[in-house]
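Reading through the structure tokens given below for one structure.
The values are calculated or read from the model by the stated rules, or taken from the named source; none is laboratory data. Keep in mind it's a predicted model, so treat the numbers as computed, not measured. A quick note on method: Cβ atoms are made from the backbone with ideal geometry, for glycine too, and the neighbour counts reach across all protein chains shown. The area values use the complete protein model at the heavy-atom level, side chains included, leaving out ligands, DNA and RNA. Shrake-Rupley method; radii C 1.70, N 1.55, O 1.52, S 1.80 Å.
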Amino acid sequence: MKILVIEDNESVSSMIELFFEKEGIYGEFVKDGLQGYERAVSGIWDCLIIDWMLPGMDGVTICRKLRKAEVAVPIIMLTAKNSESDQVLGLEMGADDYVTKPFSPLALMARIKAVTRRYLIAKEDRVDVVTLKTKHFTINTATREVFLDSKPVPNLTPKEFDLLHFFIQHPKQVFSREQLLDRVWGYDFYGDDRTVDVHIKRLRSKVSKPDQPFFHTVWGVGYRFDETTGEQE
């Protein structure tokens, strides 16, 4: 496994580096955000670990620019920020997970295994099914493109794509937030389950129409995907 770590705290980097050596992981460490971004786009990585606060370019900006450049690699944010809004911001910018400082190497390793496993499963799925079509949507899982009524849907984050793909595969089924975190995020999520609400809200803003919300709230339970016309419940 080859991992790029963009972190300017030497003690944190040293801790991660020692753990990587024990696990047999190749790690490259960069202290500057701008240099880290350049290494991220120029290399081939199994995972990126990016600190929130960095000189040169902050971690959220790095994450946003990587997703805009369609760099499809798992991203874990390291942050000392505990507020929900800050954590959700990182996820909205395309991060797959975040780890709050201070953290143990074992906890970080669990997150690395989870996000890389999720990407591997998605890659295997793309080999089996390239194009998925429904009444309104066409999804190309190889290129990760989405078309709504034959028109491209731009600017979907990797997790928004995964969530839409999952719902389209399970039409009219109701899923709780916990189930969605487990099935889409790929493991028992350590953060706030309201992360799901944020992603659903953003998906609605990008694909829904006044008479076709697609994502329906089932109060007290969770969400379902339904392409039939009707107002939200």
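Here are some notes:
- Hey, Ile16 within 16 Å of the chain's Cα centre (by Cα), among the aliphatic types (A, V, I, L, M) and buried (at least 19 other Cβ atoms within 10 Å of the Cβ) or not: no
- Condition check for Ser85: modelled with pLDDT of 85 or more and open to solvent by 50 Å² or more (accessible area, probe 1.4 Å): no
- Verdict on Phe175 being in contact (Cβ under 8 Å) with a residue 24 or more places away in the chain and of a type in the set (A, V, I, L, M, F, W, C): yes
- Which listed residue, of Tyr37, Tyr119, Tyr26, is at pLDDT below 85 and of a type in the set (Ser, Thr, Tyr): Tyr119
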